[in-house]
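Chemist: I have a structure I would like to understand better, so I am pasting it below and will then ask my questions one at a time.
Computed from the coordinates by the stated procedures, all read-outs in this text should not be read as laboratory data. Small disclaimer: the values here were computed from a predicted structure and weren't measured. For neighbour counting, all protein chains shown are included, and Cβ atoms are generated from backbone atoms with ideal geometry for every residue, glycine included.
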Amino acid sequence: MIVWTREYILSQIFAVVLYLFLCTSYFLKSRKKIIVFNIIAHVFQAASLLLLGGMTGMAMAIFLIFRDSFLALDEKNRNSEKTTKRDNVIFVIFIAIIVVLTFFTYNGPSSLLSVFATLVSTFAIWQKSTRIYKLLGMPISFTWLIYNITLRSIFATILEFILLISTIVGYLKDKVASKSNGENV
């Protein structure tokens with residue numbers, strides 16, 4: 001049973017704002033704009049999850065703010081098409097941070113859903129291709145959907161389902177556009 005406390009209502013408002021930014025990100029073509037929209041979304045996600053008691057999820061959202069801020073500031077160093085040794089070292093450091101945060105905030109098996117989603121999203125955003133980001137958005141979204149159900153977050157569950165549909169539509173729209181432009185899909 002859901003108790004509609006002030007904290008719960010506020011968490012649901014934050015969830016709505018979070019998903020407005022995330023849904024929009026799947027329709028953007030610019031990697032930099034995608035990252036900026038994600039940073040804003042994850043601020044609201046962290047606040048919402050804190051209010052719901054999802055401490056591992058909140059830790060993952062804070063990590064995502066850090067990760068995306070780093071990527072936005074480091075974008076000029078990642079413009080090449082080739083992944084460098086430096087890129088791989090940073091990626092491994094990010095994975096290590098996720099593991100450490102999980103160790104300190106673990107609160108049951110369902111909390112690992114947020115960890116899995118964060119690991120996959122870190123891999124997705126690390127890619128040079130926005131198409132891969134959009135494709136991997138599907139399992140990420142599905143995992144967050146299940147996590148939101150475990151937290152009994154009504155709006156986050158409904159909106160994550162809508163995000164999942166938006167992710168699929170955004171990916172297919174990009175794929176069709178690429179195909180009509182003669183690109184390899």
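Chemist: Compute the helix-to-body angle for 111-126: its Cα long axis versus the longest principal axis of the chain, expressed 0 to 90° and rounded to tens.
Modeler: 20 degrees
Chemist: Let me ask something else about it. Just rank LEU163, LEU51, LEU20, fewest to most, by other beta-carbon atoms within 10 angstrom.
Modeler: LEU20, LEU51, LEU163
Chemist: Starting from the eigenvalues of the Cα gyration tensor, five times each then square-rooted, give me the equivalent ellipsoid semi-axes of region 122-174, largest first, whole Å.
Modeler: Whole-Å semi-axes of the equivalent ellipsoid: 22, 13, 6.
Chemist: Now, a different point. Output the peptides 133-141, 167-175 sorted from most to least packed, where packing is the average of other Cβ atoms within 10 Å over each peptide's residues.
Modeler: Ranked from most to least packed, the peptides come out as 133-141, 167-175.
Chemist: While we're looking at this one, here's another question. Given LYS29/LYS128; LYS82/LYS128; LYS76/LYS128; LYS82/LYS175; LYS32/LYS85; LYS32/LYS175, which pairs have Cα atoms separated by over 18 Å?
Modeler: Correct reply: LYS82/LYS175; LYS32/LYS85; LYS32/LYS175.
Chemist: Given a Förster distance of 25 angstrom, what is the FRET efficiency for LYS32 paired with TYR106, based on the Cβ-Cβ distance and rounded to 0.05?
Modeler: 0.15
Chemist: Can you compute the helix-only [θ] at 222 nm over the chain? Use -39500 (n - 2.57) per DSSP H run of at least 4 residues, normalise by all residues, nearest 500 deg cm²/dmol.
Modeler: -27500 deg cm²/dmol
Chemist: Roughly how tilted is helix 55-74, in degrees to the nearest 10 and between 0 and 90, from the longest Cα axis of the chain?
Modeler: Once rounded, one gets 30 degrees.
Chemist: Pulled fully out, how much extra length does the chain show between MET138 and ILE168, if you take 0.36 nm times their separation in residues and subtract their Cα-Cα distance?
Modeler: Gain on extension, MET138 to ILE168, equals 10.1 nm.
Chemist: Sticking with this structure for a sec: Over all Cα pairs of the chain, how is the pair count split among 5 Å bins, expressed in % and running from 0 up to the last occupied bin?
Modeler: Calculated P(r), rounded to whole percents: 1, 8, 16, 22, 20, 15, 9, 5, 2, 1, 0.
Chemist: Using Cβ contacts closer than 10 Å as the measure, can you line up LEU22, LEU101 from fewest to most?
Modeler: Listed from fewest to most nearby Cβ atoms, that is LEU101, LEU22.
Chemist: Would you mind computing Rg(Cα) / (2.2 N^0.38 Å) for region 49-116, counting N as its residues?
Modeler: Numbers: Rg = 14.0 Å, N = 68, 2.2 N^0.38 = 10.9 Å.
Its radius of gyration relative to the 2.2 N^0.38 Å reference: 1.28.
Chemist: For PHE161, PHE63, PHE103, what ranking results if the residue with the fewest other Cβ atoms within 10 Å of its Cβ goes first?
Modeler: Values: PHE161 16, PHE63 22, PHE103 9.
In increasing order of surrounding Cβ atoms, one gets PHE103, PHE161, PHE63.
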